[in-house]
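Taking it in order: structure first as structure tokens, then the write-up.
Values quoted throughout were computed directly from the atomic coordinates according to the rules given, and no laboratory measurement underlies them. Please read all numbers here as calculations on a predicted model, not as lab measurements. All Cβ positions, even for glycine, are placed from backbone atoms using ideal geometry, and neighbour counts span all protein chains on display.
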Amino acid sequence: MRLTLPLGLVGLPGQTQFTLRSDASSGLVEMVAREPDGLDFVAAPIERIRPGLRDRLVAMGEAGAGDLVLILLAVHGEPPVLTANLAGPIIIEADEGIGRQLVLEGDDFPLRAEIAKLA
Amino acid sequence: MLVLTRRAGQLLRIGDSIDLRVIRIEGDRVVLGIAAPTSVRVVRGELLDAVSDEVRKAGAMGDRVRELLGPQG
């Protein structure tokens, strides 16, 4: 699936074109920039990270009921810990392949929500 | 950049619908009150910087995340 972020990512306004590939076995989503040597993310649908948070974003008017909400994953520390960037979810109108990245404040939207210890 | 001087209690209006008021000044801190439509997002600049930094890091470690997740992904 092609994804266009017309405004780019936060702090990276030039990063607008991505390819999304879902992995049915893991439930994760690869989000890779379409330019050579571009950004390469592993993301997860928000339901997999924080069940219930999706409904909250819909109630806040930040996402539509049919939107795909992706959370970017990262690894930090040693031993490594898998973290989820809940402060910067990506809201995607799946039918159109158009999205935007939000910036959310508050205790429920940490920048590095710990998901799993990977050691 | 427009630079204005305001005193405590004074107001700035931005566009037709955003009011920014200096509530009080405490040492080197300024307490601001912001009235804006709910569609207007207001976030602290340092949070924008932090999210941007995290996005850059995450975008450079896709292979590492996949490697560490392995079959448990």
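Provide the descending list of Cα extents for the protein assembly as shown along its principal axes, expressed in whole angstroms.
59, 39, 35
Can you give the net charge of the other residues whose Cβ lies under 15 Å from the Cβ of A:GLU96, counting K and R as +1 and D and E as -1?
It works out to a net charge of -1.
Determine, for B:VAL3, A:VAL32, the number of other Cβ atoms within 10 Å of each Cβ, and report the residues in order from fewest to most.
On the way: B:VAL3 4, A:VAL32 17.
Least crowded to most crowded, the residues run B:VAL3, A:VAL32.
Report the calculated FRET efficiency for A:HIS76 and A:SER26 (r = Cβ-Cβ distance, R0 = 22 Å), to the nearest 0.05. Numbers along the way, then the final one.
Details: r = 20 Å, r/R0 = 0.91.
Computed FRET efficiency for A:HIS76 and A:SER26: 0.65.
Specify the angular offset, from 0 to 90 degrees and rounded to the nearest 10, of the alpha carbon long axis of helix B:45-59 from the longest principal axis of the alpha carbons in chain B.
Its long axis makes an angle of about 10 degrees.
Treat each spin label as a single point 7 Å out from the Cα along the C-beta direction, and report the B:GLU67 to B:ALA35 distance in nm.
5.6 nm
Be a star and scan the range A:16-53 for residues whose amide nitrogen sits under 15 Å from the point 7 Å along the Cα-to-Cβ vector of A:GLU93.
Correct set: none at all.
What ³J(HN,Hα) values, in whole Hz, does the Karplus curve 6.51 cos²θ - 1.76 cosθ + 1.60 give for the range A:104-116 when θ = phi - 60°, with x put for Gly and Pro?
Couplings: 10, 9, x, 4, 7, 10, x, 6, 9, 6, 6, 9, 7 Hz.
With an 8 Å Cα cut-off and a minimum separation of 6 or more residues, compute the relative contact order for chain A in percent.
So the answer I get is 22 percent.
Using helices alone, what [θ] at 222 nm do you get for chain B, with -39,500 (n - 2.57) per DSSP H run of 4 or more residues, divided over all residues and rounded to the nearest 500?
Roughly -9500 deg cm²/dmol at 222 nm, from the helical runs in chain B.
Count the net charge of all other residues whose Cβ sits under 11 Å from the Cβ of A:LEU9, scoring Lys and Arg as +1 and Asp and Glu as -1.
Every neighbour counted, the sum reads +1.
For the protein assembly as shown, what is the charge dipole size about the Cα centre, in debye to the nearest 20, if Lys and Arg each add +1 at the Cβ and Asp and Glu each add -1 at the Cβ? Mind dumping the intermediate values first?
On the way: 22 positive and 27 negative charges, 108 e Å.
About 520 debye.
Give me the distance between the Cα centres of the range A:1-29 and the range B:1-68, rounded to whole Å.
One Cα centre to the other: 25 Å.
Based on other C-beta atoms within 10 Å, arrange A:ILE98, A:ILE49 from fewest to most.
The fewest-first ordering by Cβ neighbours comes to A:ILE98, A:ILE49.
List the residues whose amide H sits under 5 Å from the amide H of A:VAL75, counting only those 5 or more places along or on another chain, with H placed 1.01 Å from N in the peptide plane.
For A:VAL75, whose amide H was placed from the backbone, the distant partners under 5 Å are A:THR83.
Which of the trypsin sites (Lys or Arg not before Pro) across the range B:4-73 are loop residues per DSSP, with 12 or fewer other Cβ within 10 Å?
Sites meeting the loop and neighbour criteria: B:ARG7, B:ARG41, B:ARG44.
Between A:GLN17 and residues 5 or more places away or on another chain, which pairs have amide H atoms under 5 Å apart, with H built 1.01 Å from N, and which residues are they?
Close amide H contacts, sequence-distant or interchain: A:LEU5, A:ARG34.
Report the label-to-label distance for A:ASP107 and B:GLN10 in nanometres (one decimal), using points 7 Å from each Cα along the Cα→Cβ vector.
About 3.8 nm separates the two model spin labels.
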